[in-house]
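Notes to accompany the following structure.
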Amino acid sequence: MHVNRIACHDCDQLQLVHTLMPGESAVCARCGSLLARSGRDVAERTFAYASASLILFIVANVTPFMEFKIAGRVQIAYLSTGVQQLWADGYGELAVMVAFTSILAPVVLIGGLLAISSAMMLRRRPSWLVVLTRLISRLKVWAMMEVFLLGVIVSAIKLGQMAHVSFDVASLAFVALILSSTAALAAYDPAAVWDYLDGEDPR
Amino acid sequence: MTSARAEHLARCHACGLATQLPACPPGHSLHCPRCDSELHLRKPHSLSRTWALLIAAYLMYIPANLLPVSTIVYMGNGEPDTIISGVMYLFKNGDAPVALLLFIASIAVPFMKLVVLTWLTLCVKFKVRWRPRDRTVIYRVVEGIGRWSMLDIFVIALLVAMVQLQALATIHAGPGAVAFCSVVVLTMFAAESFDPRLMWDSFEES
Ligand SMILES: [Zn+2]
Ligand SMILES: [Zn+2]
């Protein structure tokens with residue numbers, strides 16, 4: 001059995017961790033943080049959830065998201081309408097932040113997971129794999145689709161006092177997108193990619 | 001077992017590989033053999049970077065709470081709302097669960113985050129040894145919860161998108177929203193620049 005020497009991310013304690021069986025995880029003895037985990041079929045499962053996420057992302061962005069009816073008038077909003085309106089109102093900073101956290105970071109994250117898992121399944125080790133794996137780790141906190149969804153619910157309740165609000169296809173796709181991208185991130189394990197880049201077979 | 005630092009091992013912040021550093025520091029920077037990130041025993045200038053970001057966040061916290069975050073123009077009359085007045089309005093109009101949610105995301109979490117990060121940084125500065133394991137858990141929670149404060153910004157973006165019925169009613173963003181958004185981003189960067197391992201280092205220095 002192979003033994004790895006791992007330094008804890010949170011407290012720097014050096015610990016010896018034997019090669020984990022699929023489904024096992026190792027926790028730091030000193031501070032309790034996760035040291036390592038081992039998933040089953042990391043590449044295949046990440047690929048499956050990430051490709052579903054990509055399709056749902058496209059549907060969520062090109063079809064109408066919400067409808068708002070007041071005094072006989074109907075207002076249709078797309079996922080990106082808020083960004084355009086904030087930009088038009090002169091709030092470029094807000095438009096950029098909303099676009100980055102609700103559209104750009106999620107799509108790069110999904111596309112990145114798709115590219116990494118494809119490379120692993122095809123047994124390729126292209127030079128961009130290292131850069132992309134590092135980028136994905138940093139980008140994860142900035143993809144805020146689930147916070148955005150909560151914002152959709154809150155704003156629908158707020159507007160519901162004034163007029164009738166109904167949800168369109170894109171909102172359903174968006175909910176499914178959050179579920180599948182969460183599953184993709186849970187299936188994905190950066191440590192498995194680093195081991196693969198070290199020359200091991202994909203787990 | 002000891003810490004990685006005591007063994008002159010640097011944990012790569014990007015890929016986690018522990019790499020042996022030479023006993024005497026070379027003049028140039030060292031890079032991870034696996035992913036080519038720059039290697040450090042601790043995040044460089046962790047405390048001063050965290051302080052700078054926290055002070056900037058405290059400064060932006062003032063306009064974030066004093067300036068209007070959105071203005072509802074209804075039948076030609078504008079009604080500006082600050083974060084607090086928006087939450088108060090929802091409480092009075094019987095939407096207590098939504099008001100509570102916005103209170104937590106927009107008022108409680110940013111404030112808690114500033115106070116807790118300041119406290120954690122002070123603890124490191126004064127080499128406090130109080131319950132490092134609990135402080136590590138608190139740090140993890142604070143780091144993970146910060147993104148939920150973007151809720152109010154998304155609500156404003158969605159309201160602005162939905163209510164554009166020129167003559168009847170429109171909603172516009174306000175300058176307070178920009179300040180609030182910068183508080184959220186600055187505290188996220190502050191949490192990221194804080195190195196939790198510093199909390200454990202004081203146990204080895206004696
Ligand atoms: Zn630990
Ligand atoms: Zn590395």
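No value in this document is a laboratory result; all are computed from the given coordinates. If you're wondering where the values come from, they're calculated on a predicted model, not measured in any experiment. Methodologically, a virtual Cβ is constructed for each residue, glycine included, from the backbone with ideal geometry; neighbour enumeration extends over all protein chains shown.
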Per residue of segment A:39-53, in order, report the coupling 6.51 cos²θ - 1.76 cosθ + 1.60 (Karplus, θ = phi - 60°) as ³J(HN,Hα) in whole Hz, putting x for Gly and Pro. x, 8, 6, 3, 5, 4, 5, 4, 4, 4, 5, 5, 5, 4, 4
Calculate for chain A the 222 nm mean residue ellipticity that helices alone would give, adding -39,500 (n - 2.57) per DSSP H run of length 4 or more and normalising by residue count, nearest 500 deg cm²/dmol. -17000 deg cm²/dmol
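Report the relative contact order of segment B:1-41, percent, no decimals, based on alpha-carbon pairs under 8 angstrom and at least 6 residues apart. Walk me through the numbers on the way to the answer.
On the way: 55 pairs, mean separation 16.0, N = 41.
Result for segment B:1-41 is 39 percent.
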In which sequence would A:I178, B:I62, B:I83 go, from the one with the fewest C-beta neighbours within 10 Å to the one with the most? B:I62, A:I178, B:I83
FRET efficiency (A:V59, A:A186; Cβ distance; R0 30 Å; to 0.05) is 0.85
Relative contact order for chain B: what is it in percent, counting Cα pairs under 8 Å that are at least 6 residues apart? 29 percent
By Cβ neighbour count within 10 Å, fewest first, B:M112, A:M144 rank B:M112, A:M144
What is the extension gain from B:S29 to B:I107, computed as 0.36 nm multiplied by their sequence separation minus the C-alpha to C-alpha distance, in nm to one decimal? 23.9 nm
Among B:F91, A:A119, A:V96 the positive-end extreme of the charge dipole of the protein assembly as shown (Cβ point charges): A:A119
At a Cα cut-off below 17 Å, give the lysines reachable from A:K69, other chains included and same-chain residues fewer than 8 away excluded. A:K158
How many angstrom lie between the C-alpha centres of segment A:72-139 and segment B:121-152? 28 Å
Cβ neighbours within 10 Å from other chains - mean over B:2-14: 4
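Under the definition of Cα pairs under 8 Å and six or more residues apart, what whole-number percent is the relative contact order of segment A:1-53?
26 percent
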Check the cysteines of chain B one by one and keep only those with no other cysteine Cβ under 4.7 Å from their own. B:C24, B:C123, B:C181
Give me the distance between the Cα centres of segment B:46-108 and segment A:180-195, rounded to whole Å. 35 Å
Label point at A:L34 placed 7 Å out along Cα→Cβ; residues across segment A:161-193 whose backbone nitrogen lies under 14 Å: A:182-193
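Count, for each residue of A:145-156, the Cβ atoms from other chains sitting within 10 Å of its Cβ, then give me the mean as a whole number.
Per residue, the average neighbour count from other chains is 6.
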Phi angles of segment B:16-22, converted by Karplus (6.51 cos²θ - 1.76 cosθ + 1.60, θ = phi - 60°) into ³J(HN,Hα) in whole Hz with x for Gly and Pro, give x, 5, 8, 10, 6, 9, x
Residues B:F126 and A:V96, FRET efficiency given R0 of 56 Å [Cβ-Cβ distance, rounded to 0.05]: 0.90
Least to most buried among B:V142, A:V59, by other C-beta atoms within 10 Å and fewest first, runs A:V59, B:V142
Taking a label point 7 Å from the Cα of A:K69 along Cα-to-Cβ, the residues of segment A:166-191 whose backbone nitrogen sits under 12 Å from it are A:166-167
Near-label residues of segment A:106-131 by backbone N, under 14 Å of a point 7 Å along Cα→Cβ of B:D36: A:126-131
Calculate the spin-label point distance for B:F91 paired with A:L122, positioning each point 7 Å from the Cα along the beta-carbon direction, and give it in nanometres. 5.7 nm
For peptide A:124-134, the mean count of other chain Cβ atoms within 10 Å per residue Cβ is 2
Candidate lysines for bridging to B:K43, where Cα separation is under 23 Å - those fewer than 8 sequence places away on the same chain excluded: A:K140, B:K113, B:K125, B:K127
